[in-house]
1. Where a ≥ b ≥ c are the square roots of the eigenvalues of the C-alpha gyration tensor, would you call the chain rounded, which needs a/c under 1.5, or, failing that, prolate if a/b is larger than b/c, or oblate?
2. As a test, work out the antiparallel percent of DSSP beta bridges whose residues both lie in the chain, rounded to the nearest 5.
3. Run the accessible area of the stretch 90-143 with a 1.4 Å probe and give the carbon-and-sulfur part as a rounded percent.
4. Report, in deg cm²/dmol and to the nearest 500, the calculated mean residue ellipticity at 222 nm for the chain, where each DSSP H run with n ≥ 4 adds -39500 (n - 2.57) and the sum is divided by the residue count.
5. Quote to one decimal, in nm, the extra length available between VAL294 and SER138 on full extension: 0.36 nm per residue of separation minus the C-alpha distance between them.
6. What distance in nm separates the simple spin-label points at VAL48 and ASP246, each placed 7 Å from Cα in the Cβ direction?
7. Say we join alpha carbon atoms closer than 10 Å with springs in a Gaussian network model of the chain; which of LEU115, LEU290, LEU163 then has the biggest fluctuation?
8. For the stretch 177-336, what is the accessible area per residue in Å², given a 1.4 Å probe and the full set of protein chains?
Amino acid sequence: MRTASRPLAATSLSLAAALALTACGADEPAAEAATDAGTVTWTWDRNVAAEDAEPEFEETSVEVPVDPQRIVVFDMAALDTIGALGGEIAGAPLASVPDYLRDHLADDAFDAGTLFEADLVEIESQQPDLIVIGGRSSALYEDLSEIAPTVDLSMRGTYTETLDRNATFLGEVLGAEDEAAAAVAELEAGIEEARAATADAGTGLGLMVSGGELSAMAPAGEGSDARGARGGLIYDAFGVQPVVDDLQAATHGEPVSFEFLLETDPDHLWVVDRDAATGEEGAQAAAAVLDNDVVARTTAARQDQVHYLDPVAWYVVFGGIDTTRIMIDDVLQIAE
């Protein structure tokens, strides 16, 4: 696994004005200093509907202690950002923590369960000061909030909006406001550098490979959920021009054939190996799946412009400071 060591531009080509405008929507979470200087308040719209029912949102506010000593994290993007800002994780679903983020765990970090099922007895016995959930683990809120202040840092809005908002909040919680601001500025500059590299690079297609099958990734579009945002990130955040104006319509969903790659003939292929991300045993590597006569005839293959993205960063963690650095490096492959 590559580490996120690449230095980025020192001067931010800031997106802060745009982020501030979009982050103020009524359905967006927000952090603000509470009356008590020892807490920060996190507010978001929480889905309180029963499982499989139509979503029903309720505004939820939680006061979080500043400088918590024992933090339990179920959201890998939040774990990334907390660690990058100097925090330490007391507990997490240990089997789900990627290798490149394990240094953020305390030496005696305990196993808090899985991304879908918390070990409530163990967590309560460890007496955490703060619990962070998000994405897959959002459904754990009711149970976990009875143990300690629990906040949901799921993606809301765009990737960059979420990154800015969550890093700012966690910086306030950890007493690392300056470090958070510097990291956000660095990442904004890096994303702009990557967008500049893709601006004149021609067309591209994001491709997920799993079980020997291909799925085309499409721009997320407005109102998209986190899954759509993950698939559309290469276009939405990094500016890749989709090879087809309406990929959803062109693919009749997502699954595509090798012939589709030849018919649309993108200048670049951006590939995520889902099986490598999830640790699927015995799975055929994405590079092997794409090593065939049909793909070899595409412009992307003929010009050596098939780019393999870090699968854990793009599919599993999908957010956080160190992970975004990895993503930026991945996109800047085309500038090398």
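1. On the way: a/c = 1.80, a/b = 1.62, b/c = 1.11.
The shape class here is prolate.
2. Working: 21 of 43 bridges.
So the antiparallel bridges in the chain amount to around 50 percent.
3. Details: 1180 of 2750 Å².
The value for the stretch 90-143 is 43 percent carbon and sulfur by accessible area.
4. Details: 14 runs with 118 residues, N = 336.
Roughly -9500 deg cm²/dmol at 222 nm, from the helical runs in the chain.
5. Numbers: separation 156, 0.36 × 156 = 56.16 nm, distance 4.19 nm.
Taking VAL294 through SER138 to full extension adds about 52.0 nm, to one decimal.
6. 3.9
7. LEU290
8. Details: 6940 Å² over 160 residues.
Computed with neighbouring chains in place, this is 43 Å² per residue.
The values are calculated or read from the model by the stated rules, or taken from the named source; none is laboratory data. Please read these numbers as outputs of a predicted model, since none were measured by experiment. When we count neighbours, we look across all protein chains shown, and the Cβ atoms used for this are built from the backbone with ideal geometry, even at glycine. With ligands, DNA and RNA removed, areas are computed over all heavy atoms of the protein, side chains included. Shrake-Rupley method; radii C 1.70, N 1.55, O 1.52, S 1.80 Å.
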